[in-house]
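Enquirer: The structure's right below; bear with me while I get my questions together.
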């Protein structure tokens, strides 16, 4: 079986070696208009890739799948649609920050984002930036950042997109999106519904995925209005409502369920005067969950947090080649829950950024950030990045930064166990990127090193109570490869391909052991061939063997796995596009799991209809 994995992996990668950018899937940053301007302006020395809505549709509604098959991020899932957490460059789930239109939305309770509570159909594109970003984006931006964007324009056009997909396990994915605008206004509305019985068969005789059903609904709205030539108002809103029945490891377990209801609202005023651009933001985030330990009972545990964010960004351009930014942010959170008494915290931060291009082929940026709060002692953060274009063929990127993650509500305030003396986790990191571009071929090679201090762990105290402490030091280092290629080989024949590869070492510096659920090797590949209106595409995902015990006892290792998907689609129409397609997931019926005893589906199918008009 391992030899079979190897041959299929090598064959798939050879097919896709000739890739991060397919014509209909992944775009380089400069080709995409983003609402999060800082992502484009202050990522010097770092790799940023953008997944547009076509690749999100290929990989299903839940964001985990799209990122798993198209990036270097490793995900562990407690079964399809269940809790999903990332490891970006060998870091923990709480060390990856998720930004919604530039606002950090990681949970106030555990510092993480569950990627199976994000319906990809609600966003215009998803951007992925590797490496530290705490100077701009705050807590958690250590391994990397994920950016969820809604884009607005004043083109005067109206576009509608309807997507309907049905597949195995009674899985339904429905999306509707409309974008319309005039000379002074713009509107974007996206609706998405995803549900599944999720009762797939396990590779264990007589077993299937019990109590795994789920649904989620998502509404995203973006509105912009030009007050005059110098002033623009924008408003973004998102509502997510979801329910999951957590699948069982053993039939004798209690049947449980978990409900999420999250709302996000952001008001933005952009003003231009002289050489200055002012951006004032007010945001409100409402995070709410209920966990039912027994679905036959109405009893539940809960958590609810209200977060208010005021942010002011002032940009000053000395010339076309030199700009300065100051960012003032105040974040107020009021949270409570089962096991957590109601507590508030108020955090004020200031950041100063500079970007300079002294000559055409060279640019650099510098940044510092400091926070002030009564809840913890905040370190001084910094970042520096450079990019030098030696030629049209080769450019060199360098980046260094200090980043952090603050203690969460659970860490600080859990009844009888919270530790108010916790310090933030801090990291120092450096990366070097080599970027090659020749005609239709791109090749990016990045090496990085991260040292993380004061990692927070929940450990038993002298009286046997588990409490969080700043206990560990971790170092992670590795290599990332991203390549892309696309070409029209004959008239009406077009081929494109992409692949990624990551080698990751993530060690506990106290004992030298690799962290659990961090594979040394991960690879993805994609190949698309189209002839006129017909297209075929193939995807593969390889995750290497992982440790599941902190002492690296190989007896409990989880095996490597290789999963492949195959799709076919046909376009009808000229002015309007009508696409029908079908996909086979896990075409070789691989028996695999990314978390111990949490099996993923075998071979399964779906069909879809996509209307654009």
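Enquirer: Which length gain, in nm to one decimal place, applies between residue 613 and residue 511 when the Cα-Cα distance is subtracted from 0.36 nm times their residue separation?
Expert: Roughly 30.8 nm would be gained on extension.
Enquirer: Something else now. Under a crude label model (7 Å from the Cα following the beta-carbon direction), how far is residue 326 from residue 261 in nanometres?
Expert: About 4.2 nm separates the two model spin labels.
Enquirer: On a full-extension model of 0.36 nm per residue, what is the gain between residue 346 and residue 489, subtracting their alpha-carbon distance, rounded to one decimal in nm?
Expert: Result for the pair: 45.6 nm of gain on full extension.
Enquirer: Listing 100, 269, 492 from the residue with the fewest other Cβ atoms within 10 Å to the one with the most, what is the order? Please report the intermediate quantities before stating the final value.
Expert: Values: 100 25, 269 15, 492 11.
The fewest-first ordering by Cβ neighbours comes to 492, 269, 100.
Enquirer: Another question, if that's okay. Among 129, 207, which comes first, then next, by fewest other beta-carbon atoms within 10 Å?
Expert: Placing the least packed residue first, the sequence is 207, 129.
Enquirer: Tell me, in nm to one decimal, what length is gained between residue 208 and residue 394 on full extension, where the rule is 0.36 nm per residue of separation less the Cα-Cα distance?
Expert: Full-extension gain reported as 61.8 nm.
Enquirer: Please give the FRET efficiency for residue 301 paired with residue 229, using the beta carbon to beta carbon distance and R0 = 60 Å, rounded to the nearest 0.05.
Expert: 0.70
Enquirer: Neighbouring Cβ atoms within 10 Å as the yardstick, rank 442, 58, 183, 40 fewest first. All intermediate terms of the calculation are to be shown ahead of the outcome.
Expert: Numbers: 442 19, 58 25, 183 9, 40 14.
With the sparsest Cβ surroundings first, the list reads 183, 40, 442, 58.
Enquirer: Relative contact order for the stretch 440-578: what percent, with Cα pairs under 8 Å and sequence separation of 6 or more? Write down the numbers at each step before the final one.
Expert: Details: 321 pairs, mean separation 23.0, N = 139.
Relative contact order comes out at 17 percent.
Enquirer: Restricting to Cα pairs below 8 Å that are 6+ residues apart, what does the relative contact order work out to for the stretch 213-353? Please round to a whole percent.
Expert: On the way: 347 pairs, mean separation 22.1, N = 141.
Relative contact order of the stretch 213-353: 16 percent.
Enquirer: For the stretch 269-321, what does the alpha-carbon gyration tensor say about shape, rounded, prolate or oblate, given a ≥ b ≥ c as the root eigenvalues, a/c under 1.5 as rounded, and a/b over b/c as prolate?
Expert: Cα axes put the stretch 269-321 in the prolate bin.
Enquirer: I want to check the label-to-label distance for residue 284 and residue 197. Put each point 7 Å from Cα in the C-beta direction and report it in nm to one decimal.
Expert: The two pseudo-label positions are separated by 4.1 nm.
Enquirer: Between residue 166 and residue 276, how high is the FRET efficiency from 1/(1 + (r/R0)^6) when r is the Cβ-Cβ distance and R₀ = 45 Å? Nearest 0.05.
Expert: It comes to 0.30.
Enquirer: Give the shape of the stretch 406-543 as rounded, prolate or oblate, defined through the alpha-carbon gyration tensor: a ≥ b ≥ c are the square roots of its eigenvalues, a/c under 1.5 means rounded, and otherwise the shape is prolate if a/b is larger than b/c and oblate if not.
Expert: Values: a/c = 3.53, a/b = 2.60, b/c = 1.36.
Prolate, because a/c is 1.5 or more and a/b exceeds b/c.
Enquirer: Same structure again: Provide the FRET efficiency to the nearest 0.05 for the residue 254-residue 556 pair, computing r from the beta carbons and using R0 = 30 Å.
Expert: Computed FRET efficiency for residue 254 and residue 556: 0.75.
Enquirer: Where the convex hull is taken over the Cα atoms of the chain, what is its projected area averaged over directions, in nm²?
Expert: 27.4
Enquirer: Let me ask something additional. Is it possible to state the helix-based mean residue ellipticity at 222 nm for the chain, with each DSSP H run of 4+ residues giving -39500 (n - 2.57), the sum divided by total residues, to the nearest 500 deg cm²/dmol? What is it?
Expert: Helix-only estimate at 222 nm: -2000 deg cm²/dmol.
We did not get these values from a lab; they are worked out from the coordinates using the rules stated. Note that the structure is a prediction, hence the values are computed from the model and not measured. Quick reminder, even Gly has a Cβ in these numbers, built from the backbone with ideal geometry, and neighbours come from all protein chains shown.
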